[in-house]
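Structure first, commentary second.
Quick note: the coordinates plus some simple rules give every number you see, no bench work behind them. Computed from a predicted model, the values in this text were never measured in an experiment. FYI the Cβ positions are ideal-geometry reconstructions off the backbone, even for glycines, and counts take in every protein chain you see.
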Amino acid sequence: MSPAILLVLALGLGLAGWLAARARAWTFRRDSANGRIAALPVYHAWYVALWIVVPVLLFVGLWSVIAPQLISQSVLASPAASDLPAFGFQRDAILSEARSVASGSAKAVFNEAANGLVEPYRAAISRYNLIGVLATLIIAFLAGAWAFLRIKPDFTARTRVEKAVMTILLLASLVAILTTLGIVVSLVFETIRFFGMVSPLDFLFGTQWGPDPMSNPNSPDGSRYGAIPLFWGTIYIGAVIAMIVAIPLGLMSAIYLTQYANPTLRKWIKPALEVLAGVPTVVYGYFAALTVAPAIRDAAFAVGITNASSESALAAGLVMGVMIIPFVSSMADDSIAAVPQAMRDGSLAMGATTSETIRKVLVPAALPGIVAGVMLAVSRAIGETMIVVMAAGAAANLTGNPLEAMTTVTFQIVAMLTGEGSFDHPATLSAFALGFVLFMVTLGLNFIALRVVKRFREAYE
Amino acid sequence: MSDRLAPTRTAEFEARLKKRYAAERRFKMAGLGAILFSVGVLAFLLVTMGFNGIGGFQRAEMNVPIDFTQAGLSGDPAVLAQPDAVQTLEAQGLPSIVDFYAEQKLGAEGAAHISASAWRLVADRIIDDPAILRGTATFSLPASAKLAAGLNGEGSPEMRALATSLAQQGKLETKLDLGFLERADATDPQQVGIWGALKGSMLTMIVTLLMAFPIGVMAALYLEEYAAKNRWTDLIEVSINNLAAVPSIIFGLLGLAVFLWIFPNMRSAPLIGGMTLALMTMPVIVISGRNAIKAVPPSIRDGALAVGASPVQVVFHHVLPLALPGILTGTIIGMARALGETAPLLMIGMRAFVATPPQDFTSPATVLPVQIFLWSDEIDRGFVERTSAAIIVLLVFLLLMNGLAIYLRNRFEKKW
């Protein structure tokens, strides 16, 4: 709550500085001999406003991180905290309960031990809130006053503001690099911790998966961390079953839409495919679990397969394939559209039918683009989470039978991190190792696919 | 000479041509079939959800008349205006009053299957309008989950029999339950509502928009208008393109490892969820923003520069306003994707049971797709229809957002 107030405060102070500086610049302009100053008044205003808002925002960001820690430290130093349990879960529960009562988000405590801590918390929160507001005001005033005093008739406010704007734009574009770096660093860091407990060889080449989050974290059983069944399940569902559905249907949809359909039909079908692409994956997952999986099981019973499971790789794969159809279709659409019209005309002029032209000229010419599109589709399918979580099951089976339950990398990441295990346990850390593998594979697929597309585009330009 | 005059359309040729035309027709039919299949699946999915979801907006309720003149509740308006009025009414014996009149009207068997917290509904009505204490009022109270299942022809045979007999006497009926849009999560499918999750989604989306939109637009402007062609720019471009294709669950791992490490007390807060989704949405906004900026013709820039505008003025006074509709379209599409996203939010702990709508950006919350996932995991059959109803609410929001994007595109898109 407090950071939000500080943010509003920062923006209000910035506005005040903006107005004050503009008024001052107007007086310069009025008093100057020829009615001209070095920059328009509005740039003076922005100069002061930036000097107020940027330092204050930096401070608020920092403060919202350190204030909670300062508050808990001062509470722990209070006499009421001396009879807390020494470590662990209970202590955290009591503290968080007292905090939520003190901040007003809960009405009363369940745990009597938290009662004594409510008052120290309330005092600490109000004390540090006051400090935060005061510090914000002081920083804003100092920075604003400094900037305000620099405004003179010959002050080149515009170039300075523009320089600041360029810097801010550059910083914004660096957020993408920071995010990538954040992903890589956090995954690598936790993966290394995991490999300190379980050998990478056991992980990458073992065929038994069944981590026990309740086992002793100091002596993990490496033979239970073999990820081959997960990789197999991921590939079987995402790259085999889903693609058997998505590639022919997506490709044929794209061909029909670009080569045969009249404009009216196209006008209606394209948005429908976009809707299909926009349906959230959790809805597909529910559809797979509620409708498709039971239908498949019943069909299997009907033909005499009695051991079909109600959670099957087939159900998850089929629905995932449907989800990917619009993606494959739009990629194929782009690549076919990139083939020069002359090639199509030439083939038709030789007497080939439309379908012969498509099969023998357009598709082969567009093949690199289509293959790249399929690679992107695979990378999307293997990273898909909700459908497999809801429909594919948790059993790590190393089998080729699509009617059996299979588990995937994404399913296990969710299962390991939403369980009760502690953060130092290899079972929990294995989720990061799996995430790292997933990240590298999708990265590789995308990298290759984008290069192929680029080269293919150049070939026809 | 005679060779040249030989007829080209021999019987052999005609047969081959016929075969080729047949192949042509088959190919065309296959294409049409593929499209019809995709559209058919979409229609089937929507119809299934709609059909199930109608039941989710209804619930089994029983009419109970309560004669308050006999009940002995003190209807002092000053007491009822207090914030703890519900507790006061409970202390005055409202639950047993409700039970008593329910038994009179429905019989012991039926009264046993009024939802345990039904008296709270009565209490809320009394607090809203203390005047009803002066007479007899009829309340439509929710049945228990078991009885509701019985009315749907599910559950144990006894329940089905009881539900059938109560329904035949006109005591139990299925009524429209608009309260579904106003309540939050609960353990009883008869009592659940979607408002808590919806509010959580809105708070999360506000954070996402406030972070992803400015950063995304600024990054797009920098890359498209100012960035020099060098290794750094290439690196930024490569990382944006890759981030757009990274599986969403990886962003959840990032949020878990970084944001929850910085803010350990904010598990399942909309602030953290919004920040995680913002990182995911930002590349989408950058990519669509760059395309929109690229579409602004260079003559606009040249004209502005020619009359003395600085590079920053060119961009902020001319290029950005012209590109804005395109950027907004891309932003809305990216936000729609974020609204439907589940996996990264599961990672950062937004899967807790949250029975009250979130108050602010830092209180525990859940979001619509996660709520759908949680309900789909419930064993109680009553949740099936509720889940579909929640899906309908989510899809309506997504359709509205996509419709807005299409409208913006058609209304403001300029062909130069």
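Observations, loosely collected:
- As a proxy for reagent exposure, ranking B:T48, A:T442 by other Cβ atoms within 10 Å from fewest up yields B:T48, A:T442.
- Using the Cβ-Cβ distance between B:R9 and B:N241 with R0 = 41 Å, the FRET efficiency computed as 1/(1 + (r/R0)^6) comes to roughly 0.15.
- Span-rule helices in chain A, defined as complete DSSP H runs reaching 18 Å or more along the axis (Cα) with Kyte mean at least -1.0: A:2-31, A:41-77, A:88-102, A:115-150, A:157-197, A:242-255, A:263-278, A:313-338, A:363-383, A:426-459
- Spherically averaged projected area of the convex hull of Cα atoms, region A:191-316: 12.2 nm².
- Taking the C-alpha atoms of chain A, convex hull volume expressed per residue in Å³: 256
- Relative contact order (percent, whole number), region A:222-459, Cα cutoff 8 Å, 6+ residue spacing: 28
- Modelled FRET efficiency - R0 60 Å, A:F447 with A:S126, Cβ distances, 0.05 increments: 0.70
- Rg and Dmax [Cα atoms of region B:58-176; Å; Rg one decimal, Dmax integer]: 15.0, 48
- Quick note on region B:252-331: its Rg to Rh ratio, both from C-alpha atoms and Rh being the Kirkwood radius, is 1.23.
- Between the alpha-carbon centres of region B:387-408 and region B:65-85 there is a gap of 43 Å.
- Note on chain A: with charges restricted to the Cβ of Lys and Arg (+1) and Asp and Glu (-1), its dipole about the Cα centre is near 2240 debye.
- Both radii come from the Cα set of the protein assembly as shown: Rg as radius of gyration, Rh as Kirkwood radius; their ratio Rg/Rh reads 1.02.
- Amide N proximity, region A:124-147 versus A:S78 label position 7 Å along Cα-to-Cβ, cut-off under 11 Å: A:124-127
- Taking trypsin sites (Lys or Arg not before Pro) as exposed when DSSP calls them loop and at most 12 other C-beta atoms lie within 10 angstrom, chain A has its longest site-free stretch at A:108-461.
- Sequence-distant contacts, meaning Cα pairs under 8 Å at least 6 residues apart, place the relative contact order of region B:195-412 at 32 percent.
- Listing B:E14, B:E154 from fewest to most neighbouring C-beta atoms within 10 Å gives B:E14, B:E154.
- Mean per-residue shielding of peptide B:231-243 is 5, counting Cβ atoms of other chains within 10 Å of each Cβ.
- Spin-label model distance (nm) - B:Y407 vs B:L178, 7 Å beyond Cα toward Cβ: 2.3
- Counting only DSSP H runs of at least 4 residues, each contributing -39500 (n - 2.57), and dividing by the residue count of chain A, the helix-based mean residue ellipticity at 222 nm comes to -24000 deg cm²/dmol.
- Cα gyration tensor shape of chain B, rounded if a/c is under 1.5, else prolate or oblate by comparing a/b with b/c: oblate
- Farthest positive-ward along the protein assembly as shown dipole, Cα basis, beta-carbon charges - from B:V319, B:P357, A:I37: A:I37
- Put simply, the convex hull of the Cα atoms in region B:210-271 casts, on average, a shadow of 5.3 nm².
- Approximate spin-label separation B:A22-A:L181, in nm, with each point projected 7 Å along Cα-to-Cβ: 6.6
- Per-residue ellipticity at 222 nm computed for chain B from its helices equals -20500 deg cm²/dmol, with DSSP H segments shorter than 4 residues left out and the rest contributing -39,500 (n - 2.57).
- Cα-Cα over 20 Å, subset of A:K270/B:K28; B:K294/B:K414; A:K267/B:K294; A:K270/A:K454; A:K270/B:K294; B:K146/B:K175: A:K267/B:K294; A:K270/A:K454; A:K270/B:K294
- Spin-label model, B:T138/B:A355: points 7 Å from Cα along the beta carbon direction are separated by 3.2 nm.
- Here the translational diffusion coefficient of region B:195-412 follows from Stokes-Einstein with Rh set to the Kirkwood radius across Cα pairs; for 25 °C and 0.890 mPa s it amounts to 131 µm²/s.
- The Cα center of region A:16-59 and the Cα center of region B:16-47 differ in position by 67 Å.
- Ascending count of other beta-carbon atoms within 10 Å, so fewest first, for A:M320, B:M211: B:M211, A:M320
- Here r is the Cβ-Cβ distance between A:L265 and B:I54 and R0 is 30 Å; the resulting FRET efficiency, rounded to 0.05, is 0.45.
- Taking the Cα centre of region A:146-221 as origin and assigning +1 to Lys and Arg Cβ atoms and -1 to Asp and Glu Cβ atoms, the resulting dipole is close to 880 debye.
- For the pair region A:288-317 and region B:279-294, the centres of their Cα atoms are 41 angstrom apart.
- Peptide-level mean, for B:46-55, of C-beta atoms on other protein chains within 10 Å: 2
- Electrostatic dipole magnitude of the protein assembly as shown [Cβ: Lys, Arg +1; Asp, Glu -1; Cα centre; debye, to 20]: 3880
- Dipole axis of the protein assembly as shown (+1 Lys, Arg; -1 Asp, Glu on Cβ), positive-most option in A:Y286, B:L17, B:Y101: B:L17
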